[in-house]
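Have a look at the structure below, then the notes.
Here, each number is a calculation from the coordinates, and none is a lab measurement. Because the structure is a prediction, the values reported are computed rather than measured. Ideal geometry is used to build each Cβ from the backbone, glycine not excepted, and the neighbour counts take in all protein chains shown.
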């Protein structure tokens with residue numbers, strides 16, 4: 001309780017006592033008044049004591065607060081003083097560093113000035129020495145000119161000419177030796193690579209022609225295929241574009257067409273029609289349409305399998321279709337797809353042997369003949385290498401692959417190292433014996449012509465064309481042909497074959513000369 005409250009309580013007590021005194025008896029009133037006065041005085045004393053106590057507490061609290069604020073203020077002042085001291089210290093340190101650096105710079109400048117003066121003195125000294133040397137050199141040159149009777153320019157020209165001759169002779173000898181070594185090494189390495197490549201690749205032979213034979217269970221089916229007045233056979237020919245030849249061959253019909261895809265469609269359609277038994281124009285057209293769709297799907301599947309087998313990725317779908325169509329194309333009797341697979345494998349092995357990218361070489365080897373399966377008649381007139389290159393460019397193949405495709409028959413210039421590899425592997429696959437089939441009559445005639453060329457030379461006793469016309473073995477009479485003449489004869493026969501005949505690959509001419517002495521013991 002504060003002092004004001006106590007005073008109010010005391011006044012209230014006095015008022016109450018006064019009122020009470022009015023109503024009570026006079027004796028009691030005086031007594032009550034005295035008691036009230038006592039109580040009021042005691043209350044006032046208590047109020048004064050409590051007021052003093054409260055005042056003391058407040059004064060103590062104010063002192064404590066003041067002390068706290070003073071301490072905090074002193075702390076802040078101490079921290080500021082510390083910071084100021086640290087900043088002054090840093091400033092003094094920087095000033096000392098700057099003064100040290102300035103002192104060092106002054107020393108360096110003094111050293112540089114001394115060095116510059118030394119260099120200037122040395123330059124003057126060297127210039128004087130250079131002038132003295134030039135004078136001595138000129139004096140010696142004059143003395144040499146007097147002794148030799150030649151001027152300095154003439155002596156220099158003679159010396160240069162002699163050095164040129166010596167250098168030219170040495171250079172020509174070194175060049176010739178280096179060229180011979182390079183040729184020998186290059187031929188050996190090239191032979192090793194080609195031989196290793198051929199040995200590591202297994203080859204298969206394929207026979208394709210323009211005729212397919214469709215076998216029948218009996219000759220009665222021929223009449224049903226022909227139909228009334230030939231309407232069925234005309235419908236088949238019109239729907240497939242294949243000529244159907246029905247002759248006296250027992251239980252067989254011949255399908256003739258240059259396009260193997262059409263022949264395959266016709267063969268499968270005939271098989272379905274004969275198996276089903278219903279053969280009429282409407283049914284024929286329906287079966288042919290279904291077979292065409294089936295062949296298209298097979299072409300895509302063949303292309304995908306080929307690409308997966310060779311490990312080639314990211315090939316455009318149109319190029320995959322072109323690869324699949326290769327199965328139904330042939331080049332000189334050699335299946336085009338088999339040839340392209342073979343070339344791709346050869347290219348991969350050869351590129352790996354030469355340290356090039358085998359995947360890129362495989363890709364170019366597989367696609368090098370895609371121009372042989374054109375989609376339109378206009379494309380037929382374009383060379384297949386150029387057409388294949390255009391397709392490859394159209395469907396996003398790399399420039400190296402496109403150049404290899406276009407240059408493998410020398411239609412364009414080779415610009416990458418892969419291009420000659422494709423050309424060589426194409427020749428290896430196409431020119432090996434048995435790879436490409438020829439007509440039997442022309443094959444036999446070529447062998448006869450080889451033997452007749454050999455018999456046209458004097459001293460030839462026998463001549464045999466062997467290994468499918470790849471080798472001509474000539475046996476000569478030992479009395480008429482000497483050893484030196486045999487070597488000459490081999491060369492002359494090879495030149496005659498080269499100028500007079502057309503043949504794939506190469507022909508090896510071997511001349512054999514032997515002497516026999518025969519006696520009989522009786």
Inset, instruction - Mind sorting 460, 141 by how few other Cβ atoms lie within 10 Å of their own Cβ, fewest first? - result: 141, 460
Inset, instruction - Taking 7 Å along the Cα-to-C-beta vector as the label spot, tell me the residue 282-residue 91 distance in nanometres, rounded to one decimal. - result: 11.5 nm
Legend entry - Protection proxy ranking of 68-74, 38-44, 423-429 - average other beta-carbon atoms within 10 Å, highest first: 423-429, 38-44, 68-74
Inset, instruction - State the Cα centre-to-centre distance between region 92-129 and region 305-369 in whole Å. - result: 75 Å
Legend entry - Rg to Rh, two decimals, where region 51-94 supplies the alpha carbon set and Rh follows Kirkwood: 1.47
Inset, instruction - Could you pull the Cα extents of region 3-143 along its three principal axes, largest to smallest, in whole Å? - result: 171, 16, 12
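Using Cβ counts within 10 Å as a stand-in for footprinting exposure, how do 160, 326 rank, fewest first? Mind dumping the intermediate values first?
Details: 160 10, 326 26.
So the residues, fewest neighbours to most, are 160, 326.
If packing is taken as the average count of other Cβ atoms within 10 Å, what order do 451-459, 105-113 fall into, highest mean first? List each step's numbers first, then the result.
Details: 451-459: 15.3, 105-113: 10.0.
Order by mean packing, descending: 451-459, 105-113.
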Legend entry - Cα-based equivalent ellipsoid of region 259-339: semi-axis lengths in Å, sorted from largest, via gyration tensor: 29, 14, 9
Legend entry - In nm, spacing of pseudo-spin labels at residue 294 and residue 139 (7 Å Cα→C-beta vector): 11.2 nm
Legend entry - Förster radius 22 Å - calculated FRET efficiency between residue 499 and residue 471, Cβ distance, rounded to 0.05: 0.70
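Write down the Kirkwood hydrodynamic radius of region 28-106, to one decimal in angstroms, obtained as one divided by the mean of 1/r over all alpha carbon pairs. The partial results should precede the final answer.
Values: mean 1/r = 0.0524 Å⁻¹.
Answer for region 28-106: a Kirkwood hydrodynamic radius of 19.1 Å.
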Inset, instruction - Please give, to one decimal in nm, the separation of the simple spin-label points placed at residue 512 and residue 16, each 7 Å out from Cα toward the Cβ. - result: 16.2 nm
Legend entry - Cα gyration tensor category, rounded, prolate or oblate, for region 211-431 with a/c compared to 1.5: prolate
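Can you order the peptides 355-364, 481-490, 94-103 by their average number of other Cβ atoms within 10 Å per residue, highest first?
Details: 355-364: 20.7, 481-490: 14.8, 94-103: 10.0.
In decreasing order of mean packing, 355-364, 481-490, 94-103 become 355-364, 481-490, 94-103.
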Inset, instruction - Take every Cα-Cα distance within region 444-513, group them into 5 Å bins from 0 onward, and report for each bin the whole-number percent of pairs it holds. - result: 3, 19, 34, 24, 13, 5, 1, 0
